[in-house]
Amino acid sequence: MQGNESTRLVCSILAMDQSCFSYKVCRFCETPVPDDTPAEFICKNRKCAGRRRSSKRLFRLLFSIGTETRVMNVVAFDRAAQVIFGCSAQEFFDFSILHPCAALGVLSNHGVCLLVHNTVKIASKVLVGELLKVTLNTPKRGKAEHLRMTNIVPMSSDFEPVIETLKKVDWS
């Protein structure tokens, strides 16, 4: 794929990177902020004009997908990822925190998100093998290395979003 091309294809999820499923942004302008940023902070983006803002999380999921002819790594950002997760990244993060047996720990390394959760591991296991119809687009920025999944449609008639599956797990 070259330039601003997009391709629609049917694929299966082979794996999901479990090391970092989300990142923090300013709730108002969605400018990325370091993961160790406090709940309220002064946003330095021009849109926020130095005002005090709160943060939220957005999905950034790295998948290995397979088609009939090849295997590739792709990334799904917030809007596309919400389709298969059934919730926002912030809701998924809060769910993990509210279920203490689910969370293994939260680590931060120079603002890089290194979240390790049982919920992320379970989400990965739930999604492996899922058949999807996706739209892949080339990255808008030149230095990005993965194609973007911009539209995701589960093909299975009994597909259930990840959060619904996790709500059924007995965490005791």
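The values are calculated or read from the model by the stated rules, or taken from the named source; none is laboratory data. Just so we're clear, the structure is a prediction, and the values are computed from it rather than from any experiment. Cβ sites come from the backbone with ideal geometry, for glycine too, and all protein chains shown count toward neighbours. Quick note on the areas: whole protein, heavy atoms, side chains included, nothing else; ligands and nucleic acids left out. Shrake-Rupley method; radii C 1.70, N 1.55, O 1.52, S 1.80 Å.
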For residue 84, are the conditions met, namely being under 25 Å from residue 145 (Cβ atoms), in a helix (DSSP H, G or I) and either among the polar types (S, T, N, Q) or in contact (Cβ under 8 Å) with a residue 60 or more places away in the chain (or both)? yes
Residue check, residue 105 at pLDDT 90 or above, small (Gly, Ala, Ser) and either open to solvent by 80 Å² or more (accessible area, probe 1.4 Å) or farther than 19 Å from residue 78 by Cα (or both): no
Considering region 13-70 alone, what residues qualify as being within 22 Å of residue 162 (Cβ to Cβ), open to solvent by 20 Å² or more (accessible area, probe 1.4 Å) and in a strand (DSSP E or B)? 14, 15, 23, 24, 56, 60, 62, 64
Which numbered condition residue 81 fails, given (1) buried (at least 20 other Cβ atoms within 10 Å of the Cβ); (2) out of contact with any Leu (no Cβ under 7 Å at 6 or more places or on another chain): (2)
Selection count where residues are of a type in the set (D, E, K, R) and under 13 Å from residue 76 (Cβ atoms), scope region 119-143: 1
